[in-house]
Each structure stands twice: as C-alpha cells, then as structure tokens.
Amino acid sequence: MEGLIVFIVLVAFIVGGLWVQFAVAGAGLFYIWLLKGFSGWKALGLVSWGASNSFTLAAIPLFVLMAEILLASGLAARLYNGVAPFLHRLPGGLLHTNIAGSGIFAAISGGSAPTAAAMSTVALPELSRRGYSKRLVAGSLAAGGTLGILIPPSITMIIYATFTETSIARLFAAGLVPGIVLASLYMGFIIIRVLLNRDLAPRDAKAASFADLGKSFLDIVPFLMLIFIVLGSIYCGFATPTEAGAVGVVGALAIAKLYRSLSWALVTDALGRTTRMSGNILFIVFCSMIFAYATALSGVGEEIVSMLQDANVSRFVFLLIIMLVFAILGCFMEGLGMIAIIVPVIFPALIALDIDPIWFGVFVVILVELGQLTPPLGVILFVVASSSDEVKVEDVVAGTAPFFVIIVLFMLLLIAFPEIVLFFPDWTFGGNS
Amino acid sequence: MDIQDNKGLASASPIFDGFAKVIQVATGAVLLALVLLVCTEVLMRSLMNLSLGFAEEVTGYCVVMLTFFGAAMALRSNALFQVSFIYAHIPSRIQIWVHRLFILMALITCLILAWKTQDLMFSSLSRGKFAPTVLRTPLWIPQLIMPIGFSVLSIFLIEKLLLSARKLKDL
Amino acid sequence: DSWTGYTYSSVSTTSAVKGMKKITEQVEQKTGGDLSIDLHLGKTLQISSSDITQAVGDGIVDFAADFFFSGNVPIGRVLSLPMLIENDEEWAKAYKAVEPILVKAFGKQGVILLGGYRYPEQTIFTTFKIDDLTDLEGHKIRVTSPEQGHFIKEFKGAAITLSGSEVPTSLERGVIEGVLTASAGGAKKWGEFLPYNYRFAVNYGNSVIIANKDSFEALSPDAQKALRETVAKVGPETTAAFLVDEEVQKKKQSNAGMTLIAAKAGDADMARKKMIPFWESWAKENGPEYEAALKLVRDAVNK
Ligand code: NA
Ligand code: NA
C-alpha cells in the first residue's frame with residue numbers, strides 16, 4: 001500500500017517537472033518515513049556513504065572525460081567525417097555508426113551509462129548538425145548504450161554472478177552473441193525505418209573515390225589508435241575495465257597532442273563539461289540507491305516473488321511475469337538495486353522450473369537494459385538527453401520506443417531459442433556449468 | 001533540458017559566481033587527480049610490479065566528491081534531469097510558484113541529507129573509525145564531503161529561489 | 001520486538017547466510033514470536049560491508065553478521081595476523097584468549113558481541129605454477145588487508161589491492177596472478193580462473209555476530225537468553241558447515257581441473273620466523289593494548 005502511494009507521488013513529481021534526482025531522493029525519504037517514521041532516517045548517513053563511495057562508479061567520469069576530450073579536440077568530428085564515405089550508401093548512414101560504435105565501446109566499458117555517455121557526447125551534436133532526425137539519433141544512441149552491459153565486460157553480470165554464484169566467465173561469453181544479434185537487429189530496424197521515410201536521415205548520392213576513402217580512413221586512425229590503447233590495456237592485463245577509463249583519458253590527450261589540437265583551454269573545458277555531466281549521472285545513481293534502500297526495507301520485492309511462487313505457474317508464464325515485474329520496478333528503480341532485491345529471492349524458483357542460471361543471467365541483464373530505457377526513471381534516457389542542449393528527454397523517450405519493442409521481441413526469441421545465449425559459452429567452456 | 005527562462009548560468013549575485021568558480025575548479029582538480037592516481041597505479045603495477053595500495057580507496061573518495069560537487073555544478077547550469085512537457089505549458093505566473101515549490105522540496109531533501117550525513121560524520125569521528133587500509137584514513141574526513149556537498153547544493157537552490165523572486169517582480 | 005537483521009553475505013546458499021537464517025528462525029520459535037528478526041542479505045540495504053559495526057552501533061540495524069569490522073574494532077585484526085594461527089586448534093585457543101578484549105572493544109562501539117563463526121583457512125590460489133612460497137617472487141597477488149600485503153611482500157611478491165568485483169576479469173587478463181582466500185570462500189566464485197592452489201594457510205578470517213546494545217537490553221531476560229544461546233549453538237555449527245563445504249569445494253575444484261599442491265615441509269616454519277618481527281612491530285605501532293593482545297594470543301598458541 002505504502003509502495004503504491006510512493007510510486008504515484010514519485011511519478012507525479014517527475015512528470016510535473018521536479019528535478020528527477022530530487023523527486024527520487026525525496027520520494028525515498030517519504031517512503032522510509034511511511035515505513036519507519038522519522039527514526040528510519042537515521043540510516044541515511046550510512047546509506048549515502050555506501051551509495052556514493054564506489055570504485056566501479058569511477059568508470060563513469062573517466063569514460064565521459066575521454067569522450068569529452070575527443071569531442072573538444074575535434075577528433076570525434078574527424079571520426080564521423082571518416083566513417084561517412086564508408087556508410088553513407090547504407091540507408092540510415094551514420095546511425096549505423098552509433099550502433100557499431102556503441103558495440104565496440106561496450107567491449108571497453110563495463111556499464112551502459114558510460115557507453116551511452118561517451119557515444120552520445122561524440123555523436124549527438126555531430127548528427128544533429130548533419131540533419132538527421134533528432135529522435136532517431138537519440139533512440140539509436142540509447143539503444144546502442146544498453147549494449148554496454150550485455151557485451152562483456154559487464155558490471156551488471158558481475159553483480160548477478162555474486163548473488164547467484166554462477167560463473168562470470170560463462171556469463172560474459174553468454175552475453176557476446178546476444179549482444180551482436182541485438183546490435184544487428186537495431187541496424188536492421190534503422191534500415192527499414194529510413195527506407196520507409198527518407199527524410200529521417202540525409203542521403204549522399206555521390207559515390208566516393210578511392211582517394212576519398214583513403215583520406216577518410218586516415219581520419220579514423222586516431223580513433224582506432226584509442227581503441228587499441230584502451231582495449232589493449234585491458235586485454236594485455238595492464239588495467240581493469242574501470243581503470244581503462246583513465247588510460248583512455250591519457251590516450252585521448254596524447255592523440256589530441258599528436259593532432260595538434262591539445263590546449264589548456266581544451267582540457268579545462270572538457271573537465272568542466274565532464275564534472276557537470278558525470279555529476280548529473282552519479283547523482284541519479286545515488287538517489288536511486290536511497291530509493292532502493294526504502295524498497296528493500298518495505299519487503300515489497302519479496303512479497304511479489306512469494307506470490308509468484310505460490311501461484312504455481314509454467315516456465316513461460318513465470319518468465320513473462322518476471323519481465324513484467326522488472327518492467328514495473330524498472331520504471332522507478334536503478335538496475336543493480338533491482339537485481340539485489342529480486343534475484344536472490346527468485347533464484348530457488350529457477351531451479352524448480354529448470355531454467356539455466358547462465359541463460360537467466362543474460363535475461364536479467366536485458367531486463368535491466370529495458371529498465372534503463374523506461375521513463376520516468378531511465379538512466380540511459382537522461383544520459384543521452386544530457387549530452388546535447390537541443391535534445392529533450394521526451395525526444396529520447398519517443399526515439400527509444402521502437403527499440404524498446406525490438407528488445408522485448410528479442411527476449412521472446414531468447415525464451416523460444418535459449419541456444420542463442422548458451423551455445424557460445426557451451427562451445428568455449430564445453431558441457432554444462 | 002532546461003525549463004527555466006533564466007537560461008544558462010544565470011546568477012543572483014557575483015558572490016554566487018565566485019563560489020561556483022571555486023567549486024568548479026576544485027571538482028575539476030579532483031577529476032584530474034583521479035586520472036593521475038589511476039594511471040599511476042596502472043603504470044606502477046604493470047611496469048614495476050608495485051601497487052600504491054590506496055588507489056582503490058582514494059578513487060572511492062573521489063567518486064563521492066564528483067557525485068555531489070558535480071551535481072551542484074549541474075544544478076547551477078540547469079543541466080539536472082527534468083521532464084518538462086507539462087511544466088512548459090502552464091501559465092507563467094503559476095509556473096513560478098510551481099518552480100518555487102520544487103526548489104523548496106529539493107531544498108528540504110538536501111537539508112535532511114546534509115543533516116543525516118553530518119550525523120554519520122560525527123558518529124565516525126566519535127567511534128574513531130578508520131579505513132582498514134594502508135592509509136588508515138580516519139573516515140570522518142572523506143565523509144565530511146557529503147554534508148558539504150549537500151550544503152553546496154542547498155546554496156545553489158537558495159540562489160534559484162532568489163532568482164525566482166526577481167522574476168516574480170518583473171512579471 | 002521486531003528487529004532488522006543484516007549480513008554482509010549476499011549469497012543465500014552459503015553456510016554463512018544459512019546459519020544466520022537458522023538463528024532468526026530458532027530465536028523466533030524459542031521466544032514464541034516475541035523476538036522476530038527480518039534478515040536482509042548483503043547489498044540489499046545499501047550499507048557497505050565495512051560499515052556494519054557502525055550500523056549496529058548506531059541502531060540502524062539491530063542484529064548482524066559482521067566480517068569487515070577491523071575499521072571499528074581494529075584490535076580484532078590480531079586474529080588475522082599471517083602465520084600467527086595456523087590450524088583449528090590454535091584458533092580455538094587464541095579466540096578464547098582474546099574474547100574478553102573483543103567483547104569490551106565492541107561494547108565501546110555500543111555493540112554486544114554475541115558470538116561468531118569462522119571461515120576455513122585462507123590459502124594461496126594462483127594462475128601460475130607454485131610449488132613453494134619462493135615461487136611468489138615477482139607475481140601480483142591480490143590482498144584484502146595490509147597484513148596480508150606484508151606477507152606477500154616478504155616473499156618478494158607484489159601485493160595488489162583491487163575491488164572484489166574486478167577480481168575475475170583481472171585474473172583472466174593477468175592484471176593480478178593470484179588471490180588469498182578459502183576454497184569455500186572466494187575460490188567458489190573465482191576458481192575457474194585459478195588453476196593452482198597452494199594449500200598453505202596464511203591466515204583465518206572470522207565473522208562476529210552482533211546486536212545493538214540498546215535493542216538487546218530492551219529485550220526481556222528470557223529473549224536475551226534465547227538469543228545468546230542460539231548464537232552460541234549455531235555459530236560453531238556454521239564454522240563446522242564451512243569446514244565440510246571446504247572439502248566439498250576442494251574436490252569440486254580439483255575435478256574441474258585445479259591442481260591442489262600440498263604445502264612444502266619447512267615452508268610454514270620459515271614463513272613463521274619471517275613474520276614474528278612483523279607481529280611485534282605491528283603491535284608496537286598500534287600501542288600497548290595491541291602488544292597485550294598479541295602476547296595473550298602468542299601465549300595461548302605457544303609462539
Ligand atoms: Na561491456
Ligand atoms: Na527505468
């Protein structure tokens with residue numbers, strides 16, 4: 001009952017125009033007060049400390065800074081100029097770069113927010129300038145960003161594994177193929193969408209000469225160098241995925257220097273933009289954690305799950321209900337908090353229904369992705385919106401809606417053909433876990 | 001993103017500008033320090049087989065600082081997440097009052113959190129609690145960032161309140 | 001009374017969580033429902049594992065299992081000094097000797113120490129072949145305390161601190177090349193990346209089971225007694241369950257391809273000799289209380 005009241009209050013204030021962070025934190029305080037009275041607030045100090053003092057969250061400002069340096073030094077624009085001749089004939093043009101770029105970036109970063117943040121800062125201003133549909137650009141960036149937790153490395157998978165004691169290596173392997181398939185589905189949708197309405201993306205009818213392509217390739221070189229530095233630092237064992245963000249910053253600075261666009265003004269400008277943007281993102285994660293604390297206290301997650309278990313449903317219905325629960329919770333909760341509340345409680349039910357825990361891990365990761373795309377509280381929506389003054393949250397929501405449908409259909413596909421998830425880990429590691 | 005008419009970095013007084021400048025420089029310095037810290041750890045570990053031993057711990061403190069000071073800078077430059085489709089369509093006189101209500105609610109939230117995180121800081125101080133690491137950091141020191149952060153957020157919210165009073169007069 | 005319970009562990013199938021659940025169930029039954037504890041698992045309450053002592057002391061949580069208490073009750077670290085306690089028997093003696101000190105130290109934090117349980121010995125798991133301690137030289141080993149770090153450095157290894165969530169990928173890519181943990185602890189999650197296990201007990205890790213002082217004193221004498229008795233019974237049962245699980249996991253990890261190497265004769269003696277000056281300097285640095293506690297333990301285990 002309290003949960004419902006709080007949910008209505010939260011939605012009302014967010015839709016009404018209160019800053020989202022304060023709406024979430026305020027609703028969290030209200031929720032705790034309803035449950036435990038004023039004495040419940042004494043936990044706020046430790047909860048705040050636990051929610052903000054995090055090593056892994058450092059990946060967010062670091063990767064945003066890397067992208068901001070690329071952006072401010074003009075290297076990002078160079079990349080788009082470079083890629084254009086290769087992709088301009090594909091219907092949708094540079095929109096495909098958003099997806100492919102996000103997929104590559106996802107192989108560097110452990111989270112969706114840094115992936116979306118980096119790609120958006122690079123691509124949004126550039127693509128708006130070129131006359132692409134604002135909504136389609138924002139949608140492709142938000143959808144691409146969610147690949148960050150599906151394509152390994154993935155912080156979300158690590159969290160899932162710690163709750164369920166499943167193999168992280170298998171989970172990582174299991175995320176790769178669905179990540180690539182999902183990226184291809186996104187690209188397929190962009191092609192169809194643009195073929196149906198040619199005004200959504202500009203067309204360049206001129207065929208590029210070999211000399212042009214060669215020149216364009218040189219424009220891509222700095223970006224390839226950076227991917228080499230960042231991926232190399234991870235795969236050669238120099239840095240962890242979080243630390244790679246800092247390596248990327250230094251790499252971006254070095255490349256900017258190499259291309260003679262490094263200046264002190266550039267650095268301070270990038271630092272200023274990064275602190276504002278990552279402060280915005282870190283603060284919403286923080287506020288979500290306060291709300292998650294209240295939800296955990298209320299026990300509402302456990303209640304829903306025990307209702308599910310008592311209903312004695314089939315595997316398919318069970319998964320559909322899980323989807324629904326995540327979708328509802330995902331509207332107002334942060335992903336890791338959802339996993340923390342739901343997964344430990346429903347894990348025993350999985351074994352009874354003969355659901356593979358590795359497969360379910362990937363399923364949950366995609367559900368968390370969905371949650372990051374649903375208003376009122378969808379982290380990725382805000383990340384994309386915050387990287388350009390011209391794009392509003394509403395635009396991102398509208399642009400993301402079709403991709404949301406694709407993800408839901410993709411999940412049904414995974415239920416029907418679990419092999420999409422399982423064949424690769426089974427092939428690399430052999431047999432069953 | 002922004003729904004206010006006072007676009008960009010509107011200021012209620014040069015005092016607020018100076019204050020914001022200090023916060024901005026401090027936050028930028030923390031971010032730069034974070035990059036240096038993590039890179040030093042990576043270089044030392046991979047080239048010299050050494051570890052600073054405190055990189056993980058101090059990185060966490062940097063994230064705390066970036067969270068609250070960064071949020072304060074985002075608030076001041078009207079970049080904090082907002083959904084504006086209803087708000088943008090109400091009459092401007094009501095808009096100002098709704099805006100003030102929102103500022104007040106945000107301010108109350110911040111003040112409660114400033115108060116409670118300050119209590120935590122004093123609890124850690126009186127318990128003599130420290131981080132069980134090589135630095136043995138007394139935890140009240142990094143925890144002090146939280147009440148300061150919420151106070152900074154509150155100060156910028158008060159600035160917004162002052163600005164809205166000026167707007168009401170102009171109307 | 002209705003209490004909020006918390007444990008740092010988030011895995012519902014581990015012996016630690018099963019033990020805590022057993023305590024809450026039995027206490028509720030014994031008190032006829034007068035004391036019911038709502039147990040929350042690790043990470044659900046957004047309170048860090050290293051803040052649990054403080055959460056209990058401040059009355060945010062009434063009852064908890066606490067592994068990472070060394071920031072609040074640093075004297076408890078004497079039990080984790082490398083090579084000071086090398087087997088179950090020594091542990092029992094050492095714990096008995098320092099228990100009054102611990103009760104007092106937790107009391108100062110506003111916390112009642114009810115009991116606890118202990119993990120199996122932390123041994124060395126590596127990605128490289130290891131036959132004795134000298135093989136640690138030049139390798140990057142993840143440690144979870146400065147004391148463990150000292151042990152690794154003593155054998156010319158590099159002591160690395162790293163967030164737990166980054167351990168598996170770091171092992172896979174060679175950012176680190178080993179960890180110190182128990183087979184029934186961290187190795188359960190990371191075993192697949194660790195082909196070698198040198199069965200050398202470096203130190204032990206223990207959890208305390210604690211309650212908020214005011215909440216505890218507000219209970220009826222009967223409920224207090226029921227809680228104390230249940231913890232006193234289930235704590236050791238949990239330790240025993242861990243020892244059983246350790247053997248199960250060792251077998252499982254071995255079957256999965258991990259090579260278990262018995263500790264080389266003489267390694268323990270050599271390592272202990274190297275550690276003795278460290279124990280002494282550690283205690284001296286921290287003050288007379290620590291020197292007294294160290295002496296108690298050393299007398300108890302004859303070292
Ligand atoms: Na990723
Ligand atoms: Na959402």
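Between chain A and chain C, the total buried accessible area stands at approximately 3000 Å², from heavy atoms with a 1.4 Å probe. Over all distinct Cα-Cα pairs of chain C, the Kirkwood formula returns a hydrodynamic radius of 20.0 Å.
Remark: the protein assembly as shown carries 37 Å² of accessible area per residue (probe radius 1.4 Å; ligands, DNA and RNA excluded). Less than 5 angstrom separates the built amide H of C:Ala158 from those of C:Gly138, C:His139, C:Lys140, C:Ile141, all sequence-distant by 5 or more or on a different chain.
I'd like the accessible area for B:Leu135, computed on protein heavy atoms only with a 1.4 Å probe and all protein chains in place. Round to 10 Å², please. The accessible area of B:Leu135 comes to roughly 80 Å². Basic side chains Lys and Arg get +1 at the Cβ, acidic Asp and Glu get -1 at the Cβ, and with that the dipole of the range A:20-429 about its Cα centre reaches some 1080 debye. Please work out the FRET efficiency for the pair A:Ile5 and C:Asp299, using the Cβ-Cβ distance as r and a Förster radius of 56 Å; give the result to the nearest 0.05. The formula returns an efficiency of 0.35 here.
Buried surface between chains B and A: roughly 5100 Å² of accessible area, summed over both sides, computed with a 1.4 Å probe on protein heavy atoms only. Each of A:Arg129, C:Arg298 has its accessible area taken with a 1.4 Å probe; listed largest first, they run A:Arg129, C:Arg298. Working from label points 7 Å from Cα in the Cα-to-Cβ sense, the A:Ala352 to B:Ile94 distance is 5.1 nm.
Put simply, when C:253-259, A:405-411 are sorted by average Cβ atoms within 10 angstrom per residue, most first, you get A:405-411, C:253-259. Residues of the range B:120-138 whose accessible area (probe 1.4 Å, heavy atoms of protein chains only) drops by at least 30 Å² once all protein chains are present, relative to their chain alone: B:Leu120, B:Arg127, B:Lys129, B:Phe130, B:Pro132, B:Arg136. Between B:Val22 and B:Lys169, the FRET efficiency estimated from the beta carbon spacing at R0 = 22 angstrom works out to 0.15. The residues of the range A:233-266 listed by number as losing at least 20 Å² of accessible area in the complex, against the isolated chain and with a 1.4 Å probe, are A:Ile234, A:Tyr235, A:Gly237, A:Phe238, A:Thr240, A:Pro241, A:Glu243, A:Ala246, A:Val247, A:Val250.
Going by accessible surface with a 1.4 Å probe and the largest first, A:Arg170, B:Arg93 read B:Arg93, A:Arg170. For the range B:3-170, the relative contact order is 30 percent, taking Cα pairs closer than 8 Å that sit 6 or more residues apart in sequence and dividing their mean separation by the residue count.
Ordered by 1.4 Å accessible area with all protein chains kept, B:Arg166, A:Arg276 run largest first as B:Arg166, A:Arg276. Accessible surface of A:Phe7, taken over heavy atoms with a 1.4 Å probe and every protein chain present, rounds to 50 Å². Residues of the range C:234-267 falling in the label zone of C:Gln29, defined by backbone nitrogen less than 16 Å from a point 7 Å along Cα to beta-carbon, are C:234-235, C:237-238. Ignoring any ligand, DNA or RNA, what whole percent of the accessible area of the range A:252-409 comes from carbon and sulfur when the probe is 1.4 angstrom? Ligands and nucleic acids excluded, carbon and sulfur give 64 percent. Using a 1.4 angstrom probe on heavy atoms only, work out the carbon and sulfur share of the accessible area of chain C in %. On chain C, the fraction of accessible area on carbon and sulfur atoms equals 51 percent. Ignoring ligands, DNA and RNA, please state the percent of accessible area on the range B:3-170 from carbon and sulfur, probe 1.4 Å. Within the range B:3-170, the accessible surface is 75 percent carbon and sulfur. Measuring spread by the Cα atoms of the range A:148-272 yields a radius of gyration and Dmax of 19.7, 55 Å.
For a modelled paramagnetic label at A:Leu231, 7 Å from Cα along Cα-to-Cβ, the residues of the range A:86-126 in reach, with backbone nitrogen under 17 Å, are A:97-111, A:115, A:119. In the range C:1-38, comparing the full protein assembly with the chain on its own, the residues that lose 50 Å² or more of accessible surface at a 1.4 Å probe are C:Val11. Distance between the pseudo-spin-label points of C:Arg228 and A:Ser261 (7 Å out from Cα toward the beta carbon): 7.2 nm.
FRET efficiency for the pair C:Glu237 and B:Ser11, taken as 1/(1 + (r/R0)^6) with r the Cβ-Cβ distance and R0 = 45 Å, rounds to 0.10. Note that the range A:412-427 has calculated 3J(HN,Hα) couplings of 4, 4, 5, 5, 6, 10, x, 4, 3, 7, 8, 5, 5, x, 5, 6 Hz, one per residue in order, obtained from phi through the Karplus relation 6.51 cos²θ - 1.76 cosθ + 1.60 (θ = phi - 60°); glycine and proline are x.
In the assembled protein chains, C:Ile101 presents an accessible area of approximately 50 Å² (probe radius 1.4 Å). Just so you know, the Rg over Rh for chain A is 0.97, from Cα atoms, with Rh as the Kirkwood radius. For the protein assembly as shown, the Stokes-Einstein estimate of translational diffusion at 4 °C and a viscosity of 1.567 mPa s comes to 45 µm²/s, using the Kirkwood hydrodynamic radius over alpha-carbon pairs. Rg and Dmax over the alpha-carbon atoms of the range B:3-170 stand at 19.8, 65 Å.
The values are calculated or read from the model by the stated rules, or taken from the named source; none is laboratory data. Everything numeric here is computed off the predicted structure, so don't read it as measured data. Cβ atoms come from the backbone with ideal geometry, glycine included; neighbour counts cover every protein chain shown. What goes into the accessible areas is simple: the full protein's heavy atoms, side chains included, and nothing from ligands, DNA or RNA. Shrake-Rupley method; radii C 1.70, N 1.55, O 1.52, S 1.80 Å.
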